[in-house]
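The values are calculated or read from the model by the stated rules, or taken from the named source; none is laboratory data. This is a predicted model, so every value here is computed, not measured. With ideal geometry, Cβ positions are generated from the backbone for all residues, glycine too; neighbour counts draw on all protein chains shown.
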Amino acid sequence: MNPPSQSEVLLELQQVTVRFGRTVALDAADLRVGSRETVAVLGPDGAGKSTLLRVMAGLLRPSGGEVRCQAGRGALGYAGSTFDLYGDLTVEQNLEFFGRLRGMEHDRLEERIAAMLALTGLQDARDRLAARLSGGMKKGLSLACALVHEPPLLLLDEPTVGVDPVSKHALWDIVMQVVAEGTATVFTSCYLEEAVYASRLAAMAGGRLVETTVEEVLAESEGWSAWVQPVRGDLTEVRSRLARVQHEPRVYLRPAGLTVLAAEEDQGRRLLGETVGGDWSDGELVRSELTFEDAFVLLEGRSLRDERTDPDASTSNEAAV
Amino acid sequence: MSASPVIQTRGLTKVLGGRKVVDTLDLAVGSGEVYGFLGPNGAGKTTTLRILLGLLDPDSGSSRVLGLDSQRQGAALRQAVGYVSQLRSLYLDLTVEENLLFFGRMYGLEGNRLHERVQAEASRFHLDADLARLLGSCPTGVQRRCSLAVALLHQPKLLILDEPTSGMDTTNRRGFWAFLGGLAAEDTTVILTTHHLEEVQVCDRLCLMLTGRLRFEGSPREMVESFPGPVLLVSAQKLRDAHRVLKQAFGASLVGDRVRIQRAGVEIGSVEQELKRAGITGARVQTVEPTLEDAFVRAAGSSNYDQAAP
């Protein structure tokens, strides 16, 4: 849908399928990543995001299809979603280890280690054991280790999971700096608002991948609103009502109050009545803006409903989003 | 809150690696409360939870949980509490059902009662279709739900959750907070840590921990009110450029498709001036009410907390 036009293609997936036993984790995925591009891979748990990245990184052999990497796999930088560095090595020793693994020589390595420590603000922690770092610092170190050999393409699986809001912004600042310097980046995220850091979006569901854009996701939800019923004082009542809507992501609690996603006010009242109970559907509803997460929830919900009514929907890639 | 708190600590202090990770902490959490434990990575949240559970001894101070002394009656206490740690402590090479049965037996459940409880929690967490799968081959979301189901098998009066929604997708996160509401209605006390600040509306009270100390305690609304002043939102065609300029000048962040200036007391005029000086035209600046995340960033910025420091 959005092929990299002028730029050189660094990595290309053609009809790549990965099976684990009977489970199809990745289903005939096509994706091209060009130099200087940023691609966000979004989707719910179990959609196949991590599998996609592991195939791209060469950590997983596809069951079918082809992965072409212009730069050579050894040249890529990859940081997994869980902490996979050496906890019993220091920050600096980890960087040195991963640098040497990539065949870096003494002077160049020393220079790069210094640059990475400066980039991630880990200078003062260089002699600390990696296992003793806080969550945000571990993520920073994983990023530094993936970048130490200056890869043309960086693959980040859930780079900000478990990171506090302040450190999260700091991490994105680092990634954006790397992107600005010309490193192509592919990242997965279950926090949809992070899509804004990417120039292209790959939406995944059930192992299938569809390319889209922030604008397209938002356009799909045009005409929908978030209707908010202010909740004041004691939360006990609204909380026990909310317990009934575990299957309905269109109803949730926002800072401003109980929120329902619907096109029209009447429809919102009906949904509130069906889920949290009749008396809540009578109160004041204030129309407010959808978040990007809301838009995605609507898109996901729609495709689920489509699949239920149309058993042949699997022939259409669009239904996967 | 009932008369005798479910959790009570007095002057709790723990030094690790020469640093006060928990610093004279006084906590009191009542029965049926949902209590959110907030703070940056490294603030001492997990250490505190481990002391409460008797997994780690404090250097000074005391802690009582469900009427038991954390240090002297730790084993009995852990039988009575449901705890979900950040580390997945389940067996990845067992199936979902085998994990539930194993931990159920560890909690002293057996026979029909064990199978009833396993079935009830499997169905509450929508695990029925995954019961026969090896946990290690399940997606993160399923593993997370399985940890929660395990923690609730013995119907504890206190549930302690360390970052329960970390790595969950939007739908599962919303479902989780809804489920939590139901637990509170059943009079189960819940303590949790999270970085998803916009979701902690479900909490009765929050505390904000910075470098081992309580920086704030109160309701979500009170937390926002204690760091007052509007937040500025900037939209611009050249969003990245605007972000770079405003980050330099006011420590602004890119949030969604806007640049967000969370620092209190920044004037719209001075923002416009900075943008103009950088040659960025057509930007729109508006004021919005601060959110919990803004309050968090303000609190963290106002203390000695430095995200790069240990």
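Scan (1) within 9 Å of chain A (Cβ to nearest Cβ); (2) in contact (Cβ under 8 Å) with a residue 12 or more places away in the chain for the single condition B:V190 breaks and write down its number.
(1) is the only condition that B:V190 fails.
Yes/no matrix, rows are residues, columns are (1) without any contact (Cβ under 8 Å) to a residue 60 or more places away in the chain; (2) surrounded by fewer than 20 Cβ atoms within 10 Å (Cβ to Cβ); (3) within 20 Å of the chain's Cα centre (by Cα):
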{"residue": "B:S219", "(1), (2), (3)": "yes, yes, yes"}
{"residue": "B:L239", "(1), (2), (3)": "yes, yes, no"}
{"residue": "B:G251", "(1), (2), (3)": "yes, yes, no"}
{"residue": "B:I261", "(1), (2), (3)": "yes, no, no"}
{"residue": "B:V266", "(1), (2), (3)": "yes, no, no"}
{"residue": "B:G269", "(1), (2), (3)": "yes, yes, no"}
{"residue": "B:E272", "(1), (2), (3)": "yes, yes, no"}
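When only residues in the stretch B:278-310 that are within 13 Å of B:R260 (Cβ to Cβ) and at pLDDT 90 or above count, which is nearest to the other protein chains (Cβ to nearest Cβ)?
B:Q286
Take the residues in the stretch A:14-45 that are part of a loop (DSSP other than H, G, I, E, B) and touching a residue at least 24 places away in the same chain (Cβ under 8 Å); name whichever of them is surrounded by the most Cβ atoms within 10 Å (Cβ to Cβ).
This residue is A:G43.
Residues being on the phi > 0 side of the Ramachandran plot and at the interface with another protein chain (Cβ under 8 Å from one of its Cβ atoms): count how many of those fall in the stretch B:154-187.
2
Out of curiosity, is B:L148 within 30 Å of B:D294 (Cβ to Cβ), in contact with a Pro (Cβ under 8 Å, 6 or more places away or on another chain) and either away from chain A (no Cβ under 13 Å) or aliphatic (A, V, I, L, M) (or both)?
Yes.
Mind checking whether some residue in the stretch B:90-113 is in a loop (DSSP other than H, G, I, E, B), on the phi < 0 side of the Ramachandran plot, touching a helix residue (DSSP H, G or I) at 6+ places or on another chain (Cβ under 8 Å) and within 14 Å of chain A (Cβ to nearest Cβ)?
yes
Among the residues of the stretch A:203-251, write down those that are away from chain B (no Cβ under 12 Å), under 19 Å from the mean Cα position of the chain (by Cα) and without any contact (Cβ under 8 Å) to a residue 40 or more places away in the chain.
Hit for the stretch A:203-251 is A:E216, nothing else.
Need pairs with beta-carbon distance below 6 Å; first residue free of Cβ contacts under 8 Å to residues at least 40 places away in the same chain and within the stretch B:43-61, second in a helix (DSSP H, G or I) and buried (at least 22 other Cβ atoms within 10 Å of the Cβ); sequence gap 6+ or separate chains.
Pairs that qualify, where the first residue is free of Cβ contacts under 8 Å to residues at least 40 places away in the same chain and the partner is in a helix (DSSP H, G or I) and buried (at least 22 other Cβ atoms within 10 Å of the Cβ), are B:G54/B:L77.
Looking only at the stretch A:158-171, count how many residues are more than 7 Å from chain B (Cβ to nearest Cβ) and either surrounded by fewer than 21 Cβ atoms within 10 Å (Cβ to Cβ) or closer than 16 Å to A:L117 by Cα (or both).
Count: 1.
Just checking, how many residues over the stretch A:54-93 are part of a strand (DSSP E or B), at pLDDT below 90 and surrounded by fewer than 19 Cβ atoms within 10 Å (Cβ to Cβ)?
Number of matching residues: 0.
Go through the stretch B:30-58 and count every residue that is under 14 Å from B:L214 (Cα atoms) and in a strand (DSSP E or B).
Of the residues in that region, 4 qualify.
May I ask you to list the residues in the stretch B:25-68 that are in contact with a helix residue (DSSP H, G or I) (Cβ under 6 Å, 6 or more places away or on another chain), within 14 Å of chain A (Cβ to nearest Cβ) and at pLDDT 90 or above?
Within the stretch B:25-68, B:V34, B:G36, B:F37 meet the criteria.
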